[in-house]
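Single-structure report; data block below.
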Amino acid sequence: YVRPSGWSLLNGDDVQLYRLAEARISAKKFSSRLGFIALGESFIEKATAHWAGMGIPVMRATDLQTSAMGTQFTVCYHQDCGAPAERLGQITLRVPGRHHVRNALFGLMCAQLMDVPFSSAAAGLADYRPTGSRQRIVSVDEVTVIDDSYNASEESMLAAFELATTLLQGTNGRFLAALGGINELGPYSSSIHERIGRALWSYRPTAIFLIGEATEALAIGYRTAQRETVENSLNLPQESCLLPAHPFPETAEGGGGNRRAEPSAGVEAGDQCAELGGGGDARNQSAEIRHFKDTVALSEAIKTYLQPGDVLLVKGSHSFGMALISEDVISFLNTAYETKWVES
């Protein structure tokens, strides 16, 4: 779809895209010119070994620094992947999150290829702000809501988890995740949601509020990663620390329900193993998981759970109506704050 005179720009850090590029370059099947963006140096080392001298440019980010206030990085440009890097300058993004760096690099690469001055591109990126419910960050009375309810994919879920932990850096706050499913995944839905759940475990949320059948696989993935962490820390066989086969015991028959799932005997056994073996960290950082039929019940549960210092992520495919949760919780926080201010 790209003309021979045009450019195809790929994320060099994406394993699948790298393999695709490697295969098509070897078969000489790229009809357009090809360029890459990447973080760090691992990609440039691989690209140099395979494609040096082929005129494939690379835009890299180095010296990456992230905080709740934003992100800074240095931009390096290789006219050919085997050529020395040219340091173009530093970029400051006034939005937190490492994932924004790759987005910025794509824009910077386009600017470079179209002869737009780096200073102009940098100024444009400094003015960037999210729109709508795309990682809108709202802080009210020491509670932060990440309203990322517009849509969801596997990659954007992981980016949102990382953003939440970035906002919690240097604090004692809790990470709360209100998640809907991801639509249009077809036969891959269960495996992808399970992968997301596994990844979520590494970010140690305090509580997980779920809606939609697809999120059952997410919960299974989370509990599987938790169990494996405990087993590895204790060096015990898999059957020694059991967790429930179904993440929501009260919905195992398909009946749904908004009640909190009571721990099964397997969960208790897992907790006991963690205590006896010194794996208390894994046990203590395990999240409370609750599943809901509708957004109203989920939102009400969150409002009773919130406390100062919390970071709440709200995310899911648009059809799950996660924006209703974001707006309801933010409205609740604003009302509570105004009431407290008036009373004081």
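Taking +1 at the Cβ of each Lys and Arg and -1 at the Cβ of each Asp and Glu, which of Phe43, Trp7, Val116 sits farthest along the dipole of the range 7-126 towards its positive end, judged by Cα position relative to the Cα centre? Positive-end residue among those listed: Trp7. For Val296, the shell of other residues with beta-carbons less than 13 Å away shows a net charge of -2, using +1 for Lys and Arg and -1 for Asp and Glu.
Highest mean first, what order results for 79-91, 188-200 on Cβ atoms within 10 Å? Could the numbers behind the result be given before it?
Details: 79-91: 15.3, 188-200: 19.2.
Answer by packing, highest mean first, reads 188-200, 79-91.
Evaluated at q = 0.20, 0.28, 0.32 Å⁻¹, a Debye calculation over the C-alpha positions of the range 31-71 (equal weights, vacuum) places log10 I(q)/I(0) at -0.67, -1.00, -1.16.
Working note: Karplus 6.51/-1.76/1.60 with θ = phi - 60° gives the range 57-74 the couplings x, 9, 10, 10, 10, 10, 6, 6, 10, 10, 7, 5, 8, x, 9, 10, 7, 9 Hz, where Gly and Pro are set to x. Neighbours of Ala121, meaning other residues whose beta-carbon lies under 13 angstrom from its beta-carbon, give a summed charge of -2 when Lys and Arg score +1 and Asp and Glu score -1. Where does the charge balance sit around Ile220 when Lys and Arg score +1, Asp and Glu -1, over other residues with C-beta under 14 Å from its C-beta? Within the 14 Å Cβ shell, the charges total 0.
Taking a straight line from the alpha carbon of Lys303, these lysines sit under 18 Å away, with near neighbours fewer than eight places off in the same chain left out: Lys293, Lys315, Lys340. Applying the Karplus relation 6.51 cos²θ - 1.76 cosθ + 1.60 with θ = phi - 60° to the range 171-187 yields 3J(HN,Hα) values of 10, 9, x, 9, 9, 10, 10, 10, 10, x, x, 10, 8, 6, 9, x, x Hz, where x marks Gly and Pro. Projecting each Cα onto the charge dipole of the range 28-92 (Lys/Arg +1, Asp/Glu -1 at the beta carbon, about the Cα centre), which of Gly89, Gly55, Ala68 comes out farthest on the positive side? Among Gly89, Gly55, Ala68, the one farthest towards the positive end of the dipole of the range 28-92 is Gly55.
Taken together, the values in this text are just the output of simple stated rules run on the coordinates, not laboratory data. It should be emphasised that the depicted structure is a prediction, and the values quoted were computed from it without experimental measurement. Neighbour counts are summed over all protein chains in view; Cβ atoms, including those assigned to glycine, are modelled from backbone coordinates with ideal geometry.
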